[in-house]
Amino acid sequence: MEHDRVESHEGIPAIPDTRFDRLEQYALRVSGDSINKLAQDGDALVCVPYFSYRGTLTDGDFVHVERNRGGLVEVTVKRLRVTAAGHWLEGYSTEDRYNTRLELTPSGESASEDFTVEIRGLAISVHRSLLVR
């Protein structure tokens, strides 16, 4: 079974975003196509930690999420949707199988009892290498 994920590695080359120069920044390497409308397989997403961001997440933001199900942790990036009808996370892909809704409670937790979801960071930029080596 193929799993789509975002991998975290030390030493991912990315240019820090000066709009957030007072915050720690980290990069995640995209693996798969669950957010291919935003970033391609192999791209690096630069993020800032959610706990130190102190801003308000808004509709359409892309967030680094950890989903824990029975001790297994999935690291992924999802699009946050915030409307009067509720809050949810979804993929941002040309592949419909990734675009399912993950409903959230008002506190930002998963509405499902099968797993927990934690928003770990806000994605602030995408970097793509032009070299194929």
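The values are calculated or read from the model by the stated rules, or taken from the named source; none is laboratory data. Every value quoted in this text rests on a predicted model; they were computed, and no experiment measured them. In this analysis, Cβ positions are derived from the backbone assuming ideal geometry, glycine residues included, and neighbour counts consider all displayed protein chains.
Brief remarks follow.
- Evaluating HIS87 against the criteria (1) touching a residue at least 24 places away in the same chain (Cβ under 8 Å); (2) surrounded by 14 or more Cβ atoms within 10 Å (Cβ to Cβ); (3) more than 14 Å from the chain's Cα centre (by Cα) leaves one unmet condition, (1).
- With respect to the stated conditions, LYS78 fails to be more than 11 Å from the chain's Cα centre (by Cα), of a type in the set (Lys, Arg) and within 23 Å of ILE15 (Cα to Cα).
- In the condition set (1) within 26 Å of PHE20 (Cβ to Cβ); (2) outside any strand (DSSP E or B), CYS47 is compliant with all but (2).
- Complete set of residues in the stretch 1-41 that are among the small types (Gly, Ala, Ser) and at pLDDT below 90: SER8, GLY11, ALA14
- Exactly one residue among ASP114, ASP41, ASP59, ASP33 is closer than 21 Å to ILE15 by Cα and in a loop (DSSP other than H, G, I, E, B), and that residue is ASP41.
- For THR94, the criteria (1) outside any strand (DSSP E or B); (2) surrounded by 15 or more Cβ atoms within 10 Å (Cβ to Cβ) hold in every case but one, which is (2).
- If only residues of the stretch 42-51 that are of a type in the set (A, V, I, L, M, F, W, C) and in contact (Cβ under 8 Å) with a residue 60 or more places away in the chain are counted, the one that is farthest from SER125 (Cα to Cα) is VAL48.
- Note on the stretch 52-75: among residues that are β-branched (Val, Ile, Thr) and in contact (Cβ under 8 Å) with a residue 60 or more places away in the chain, the one that is farthest from ALA123 (Cα to Cα) is VAL75.
- Looking only at residues of the stretch 33-52 that are buried (at least 17 other Cβ atoms within 10 Å of the Cβ) and out of contact with any Gly (no Cβ under 7 Å at 6 or more places or on another chain), we find that the one that is nearest to LEU130 (Cα to Cα) is ASP43.
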